[in-house]
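Q: Okay, here's the structure, questions in a sec.
Any read-out appearing in this document is the output of simple, stated calculations on the displayed coordinates, not a laboratory observation. Here the structure is a predicted model, which is why all the values come from computation and not from measurement. Cβ placement follows ideal geometry from the backbone for every residue including glycine, while neighbour counts extend to all protein chains displayed.
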Ligand code: UD1
């Protein structure tokens, strides 16, 4: 494995393209199973989570070709319906493949998924709602088994607008003669991207992006090409990196509307922001001020950018209060940033940050994917050298973060380490 050696204190300056979205790619790759045909995908990020998903597709019998950001999946000869345990553990979003296998074969076998340790992350909402539409579930063995003869037309309601549960129900109900309405559905842009891809294949998914989604089952799907949307979390990370270093950055290939709560919070800190249709320009030329943040489902402040924004707040003037409403274990990364001089108190789902002038370099360990990116940003503003280890988390979700930041003027070296 690698670690990053970061020599802090360089202001970022320049422009950079954002990669395709991780969280859109994963359900869209799962959707390629349903058609039994060929799907060409463009702008897929070259990251570990995509590689793990492709490994699962191959194990299930799909043919996969990958050329950097272009992926072709042919699922015609797919013949297996059990998701291998070791791959399921590696990646939480592997649970999305369950819905896609169900749509194609009416049965699936899998074990509980793994993923980042940021909270308990159960799948009760997925299973509960599968049951409501006539899918039978047997949880008695080492594996969970789901099967059905026919999906029942139903109006269902999620207790919480879970992104994964919304995607899984959409995928599971694409094929058939039923009509399903999901109330209190998640509204995240990645769900809109999945619905657009499925509809291009010939599916009938209506209302994605609102809290009521209707799926009308169809007989079959067709071959398509599709370009994945930009990664709004990477876009936010790069902008916040610009802000923390007091830099001037422009990010391209982005949909500004997708990160509007980040842009308004950055403006509140004192950054100047200008947007065009597909780019964002940020100037951070003064000492930034503290702001309060509360994470919420979309269109609220995204939990995935909470660790990264909180890192910026450790060096802003004044006191910030962060409330994490989505995942209960999402402040772990801050213990490492405290070792770099951050002044922070944590109580339950609230974190109070007292801004300091600057952090200092230290040897730190990533605790999860976005926590890993936070440590890199802390390293950019720290005095001296920061070594970030356990990069396997970060590499799950960021394509070339070190290279992109170096192109903007950072000094990050990748070296062999733990
Ligand atoms: C997705 C994103 C992740 C993001 C999260 C919230 C992907 C691959 N991952 O994760 O980056 O942080 O949305 O925006 O797209 N919950 C239950 N029972 C369930 C399902 C969820 O209680 O069956 C709870 C979770 O514990 C959590 C909350 O609902 O507290 C949100 O989870 P969910 O929206 O499902 O997140 P994921 O789909 O796992």
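Q: Restricting to Cα atoms and excluding each atom paired with itself, what does the Kirkwood estimate give for region 22-227 in Å? Could the numbers behind the result be given before it?
A: Numbers: mean 1/r = 0.0603 Å⁻¹.
Kirkwood radius, region 22-227: 16.6 Å.
Q: If packing is taken as the mean number of other Cβ atoms within 10 Å per residue, what is the order of 122-128, 241-247, highest first? Don't jump to the answer; show the numbers that get you there.
A: Values: 122-128: 16.6, 241-247: 24.9.
Result, highest mean Cβ count within 10 Å first: 241-247, 122-128.
Q: Label points 7 Å out from Cα along the Cβ direction at residue 360 and residue 89: separation in nm?
A: Those two pseudo-labels are separated by 4.1 nm.
Q: Mind checking Rg over Rh on region 355-418, alpha carbons, Kirkwood formula for Rh?
A: On the way: Rg = 11.3 Å, Rh = 12.0 Å.
Using Cα coordinates only, the ratio equals 0.94.
Q: Given N residues in region 303-352, what is Rg(Cα) / (2.2 N^0.38 Å)?
A: Values: Rg = 10.0 Å, N = 50, 2.2 N^0.38 = 9.7 Å.
Compared with the compact-globule rule of thumb, region 303-352 sits at 1.02.
Q: Full-extension gain between residue 346 and residue 159, please, as 0.36 nm times their residue separation minus the C-alpha to C-alpha distance. All intermediate terms of the calculation are to be shown ahead of the outcome.
A: Working: separation 187, 0.36 × 187 = 67.32 nm, distance 2.79 nm.
Extending this stretch completely gives an extra 64.5 nm.
Q: Quote the FRET efficiency, to the nearest 0.05, computed for residue 59 versus residue 138 with a Förster distance R0 of 22 Å and r equal to the Cβ-Cβ distance.
A: Numbers: r = 22 Å, r/R0 = 1.00.
Calculated transfer efficiency: 0.50.
Q: I'd like the FRET efficiency for residue 124 and residue 317, computed as 1/(1 + (r/R0)^6) with the beta carbon distance as r and R0 of 41 Å, rounded to 0.05.
A: Values: r = 43 Å, r/R0 = 1.05.
The formula returns an efficiency of 0.45 here.
Q: Relative to the longest principal axis of the chain, what angle (0 to 90°, nearest 10) does the C-alpha long axis of helix 96-105 take?
A: Helix 96-105 sits at roughly 20 degrees to that axis.
Q: Please compute the alpha carbon radius of gyration of region 177-224, then divide it by the globular-protein estimate 2.2 N^0.38 Å. Two decimals is fine. Write out the running numbers ahead of the final one.
A: On the way: Rg = 10.6 Å, N = 48, 2.2 N^0.38 = 9.6 Å.
Rounded to two decimals, the normalised Rg is 1.11.
Q: Grab the DSSP H runs of the chain that are 4 residues or longer, score each as -39,500 (n - 2.57), total them, divide by all residues and round the 222 nm result to the nearest 500 deg cm²/dmol. Working shown, then result.
A: Details: 14 runs with 137 residues, N = 418.
So the calculated ellipticity at 222 nm is -9500 deg cm²/dmol.
Q: Now a separate question. What is the Cα convex hull volume of the chain when expressed per residue in Å³? Please report the intermediate quantities before stating the final value.
A: Details: hull volume 51.3 nm³, N = 418.
Spelled out: Cα convex hull of the chain, divided by residues, is 123 Å³.
Q: Then there's this: Bin all alpha-carbon pair distances of region 1-72 at 5 Å intervals from 0 and give each bin's fraction as a whole percent.
A: 3, 13, 23, 19, 13, 9, 8, 6, 4, 2, 0
Q: Could you tell me the calculated FRET efficiency between residue 77 and residue 149, based on Cβ-Cβ distance and R0 = 25 angstrom, to the nearest 0.05?
A: Working: r = 25 Å, r/R0 = 0.98.
Taking R0 as 25 Å, the efficiency between residue 77 and residue 149 is 0.55.
Q: Can you give me the Rg/Rh ratio for region 1-134, using Cα atoms for both radii and the Kirkwood formula for Rh?
A: Details: Rg = 17.3 Å, Rh = 16.5 Å.
Using Cα coordinates only, the ratio equals 1.05.
Q: Tally the DSSP beta bridges in the chain and give the antiparallel ones as a percent, rounded to 5. Please list the in-between numbers first.
A: Working: 53 of 77 bridges.
DSSP beta bridges in the chain are roughly 70 percent antiparallel.
Q: Please report the relative contact order for the chain, taking Cα pairs under 8 Å with a sequence separation of at least 6, and give it as a percent rounded to a whole number.
A: Value for the chain: 22 percent.
Q: Give me the angle, in degrees from 0 to 90, between the Cα long axis of helix 163-172 and the longest principal axis of the Cα atoms of the chain, rounded to the nearest 10.
A: With rounding to tens, the tilt is 20 degrees.
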